[in-house]
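The values are calculated or read from the model by the stated rules, or taken from the named source; none is laboratory data. Note that the structure is a prediction, hence the values are computed from the model and not measured. Here Cβ is always computed from backbone atoms with ideal geometry, including for glycine, and neighbour counts include all displayed protein chains.
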Amino acid sequence: MSSVRRRSFVLAVATAAALAMAPPADARRTIKLRVPRFVVPPNSNREVCTFVPVPMSKPFDLSGSVIVNLGGDELSFTTHHFLMWVYQGKDVDRFPPKGQIVVMKPGGGACLDFGPADTNQRTLIGGAQQPRLETRLPAGLAQQITPVASGGRSVAAIILNSHWINGGDRPRKAAVKVTLMAAPKHSVHQFVLPLFDVVANGFIKVPPDQVQSVKWAWQPGGTDYGGGIGGGAYPTGPACVTSLTSHMHKRGTLFTIDFLDGNTVVPCPQNPQPNGTCLTATDYAHPPQIPFVPPLLVNVGQGLRYTCTHDNGVTRSIKMGCEEQAGVPPGVDAYTAILSGLGTTGAARPCATDADCAGFGTGKCVPANLVFGFTSDDDMCIMPGGWYPANAQGNCDVSGLPLRN
């Protein structure tokens, strides 16, 4: 072989080897995810969940995503929703193996019964209800996906949830492709922090056969009551809100977010809903995502008040639990449970029949109080979203801030 041909051959082999080597996760500009193809039976709907641990030793600066729901080529077969979370808890190994499709049971919507029980350790990072959706954070912003420990390695623990409706008379197949895009180098001036207010959880207590509401307000400069019970970082000064969504379980019937100026409710300054709220949701399993472009400025003295309405046995199924004291519905609110040293939940022991309560309390399975808990049969009232501190001038312009990447 001539020296020229030899050099060409060596160059070709080296080039092929380089192309075959995937870049390390920390050097990726994009992350590709997929919900594997699954079958939706005729005249039915199917909701599935899958877990994707992405090897990653450093945070990924997320600036946008592209979501493509594959399969809906006619009116009778369409996606109901796709949602995507990053898990930030300590029980990653309790998820099913990578890529395994798990079909949700009725009542387990939005992956509430998928993986670890600490569902409040999940941050929503994307979603779509159309065939294709591309989203981008405003210029200068990124959301960091932080890796967690799993089996001796670091991964970004990502949950994918896909729900499809098949109104036709034959089985159909669906899948989802997702691309997460990193912010360009030397472009990020501010990182978006999780807005995750959980204080209202502490006051949920709906007796059997009743409907009741709880509320709380997220207020810059206010007292951070939720930081010690899983709540997100709290602003000490003016805050710029980039997005809002809702989180309830299956007995949640209404979630609203109002804008407060002092103690007065005023129309939402940006993206107001028809009733003037910043968000209104009536379906716990399909939380709306409200983006604010430009970000919504919330000054000290203002706030976002979120309200959850829960139905325990009026139009929704009644909560059942093992009776501890004769004639007293089991289950205490989380606020009482914390003060009593019972932990962060006072949810009743779950049951379907008296057999599930053998040797416990009175041994009877009875209608219970609906309170905060970590299973899909208990409930939650959480306001998730994203925010970052306002600049020194008290506005949301980040262009003059130092680069963060």
Inset, instruction - Would you be able to tell me the number of residues in the range 56-65 that are part of a strand (DSSP E or B) and more than 24 Å from Y284 (Cα to Cα)? - result: 5
Legend entry - Test set (1) crowded, with 16+ Cβ neighbours inside 10 Å; (2) assigned to a strand (DSSP E or B) - V265 fails condition number: (1)
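State yes or no: is V198 outside the structural domain of V54 (by TED's automatic domain parsing) and over 21 Å from V35 (Cα atoms)?
It is true that V198 is outside the structural domain of V54 (by TED's automatic domain parsing) and over 21 Å from V35 (Cα atoms).
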Inset, instruction - Kindly indicate whether any position in the range 352-360 is touching a strand residue (DSSP E or B) at 6+ places or on another chain (Cβ under 6 Å), part of a loop (DSSP other than H, G, I, E, B), surrounded by fewer than 22 Cβ atoms within 10 Å (Cβ to Cβ) and without any contact (Cβ under 8 Å) to a residue 60 or more places away in the chain. - result: yes
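State yes or no: is Q210 under 24 Å from V398 (Cβ atoms), out of contact with any Ser or Thr (no Cβ under 9 Å at 6 or more places or on another chain) and not hydrophobic (A, V, I, L, M, F, W, C)? Before the answer, list the steps.
Numbers: under 24 Å from V398 (Cβ atoms): no; out of contact with any Ser or Thr (no Cβ under 9 Å at 6 or more places or on another chain): yes; not hydrophobic (A, V, I, L, M, F, W, C): yes.
So Q210 fails the test.
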Legend entry - Which numbered condition A217 misses (of (1) part of a strand (DSSP E or B); (2) aliphatic (A, V, I, L, M); (3) more than 26 Å from D379 (Cα to Cα)): (3)
Legend entry - Residue count, the range 139-156 (criterion: assigned to a strand (DSSP E or B) and either free of Cβ contacts under 8 Å to residues at least 24 places away in the same chain or under 28 Å from C396 (Cα atoms) (or both)): 5
Inset, instruction - Could you check how many residues of the range 139-174 are of a type in the set (G, A, S) and closer than 16 Å to F51 by Cβ? - result: 7
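Restricting attention to the range 268-299, which residues are among the hydroxyl-bearing types (S, T, Y) and surrounded by 16 or more Cβ atoms within 10 Å (Cβ to Cβ)? Write out each step before concluding.
To start, the set of residues in the range 268-299 that are among the hydroxyl-bearing types (S, T, Y) comprises 277, 280, 282, 284.
Residues satisfying the conditions are T277, T280, Y284.
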Legend entry - Test for I338: is it assigned to a helix (DSSP H, G or I) and either more than 29 Å from G262 (Cβ to Cβ) or more than 26 Å from the chain's Cα centre (by Cα) (or both): yes
Legend entry - Qualifying positions in the range 71-103 - part of a loop (DSSP other than H, G, I, E, B) and modelled with pLDDT of 85 or more: G71, Q88, G89, K90, D91, F95, P96, P97, K98, G99, Q100, I101
Legend entry - Residue within the range 223-231 that is touching a Gly at 6+ places or on another chain (Cβ under 8 Å), of a type in the set (S, T, N, Q) and more than 19 Å from T245 (Cα to Cα) present: no
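Condition check ((1) in the same structural domain as P41 (by TED's automatic domain parsing); (2) crowded, with 18+ Cβ neighbours inside 10 Å; (3) over 20 Å from the mean Cα position of the chain (by Cα); (4) assigned to a loop (DSSP other than H, G, I, E, B)) across all residues:
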site: I158; (1), (2), (3), (4): yes, yes, no, no
site: K173; (1), (2), (3), (4): yes, no, yes, no
site: K177; (1), (2), (3), (4): yes, no, no, no
site: G202; (1), (2), (3), (4): no, yes, no, no
site: G221; (1), (2), (3), (4): no, no, yes, yes
site: G231; (1), (2), (3), (4): no, yes, no, yes
site: G237; (1), (2), (3), (4): no, no, yes, yes
Inset, instruction - Tally the residues that are closer than 30 Å to V192 by Cβ, within 26 Å of the chain's Cα centre (by Cα) and not aliphatic (A, V, I, L, M), restricting the search to the range 376-405. - result: 13
Legend entry - Close pairs from the range 118-130: first of a type outside the set (V, I, T) and surrounded by fewer than 20 Cβ atoms within 10 Å (Cβ to Cβ), partner at pLDDT below 85 and assigned to a strand (DSSP E or B), Cβ under 6 Å, at least 6 apart: Q129/H81
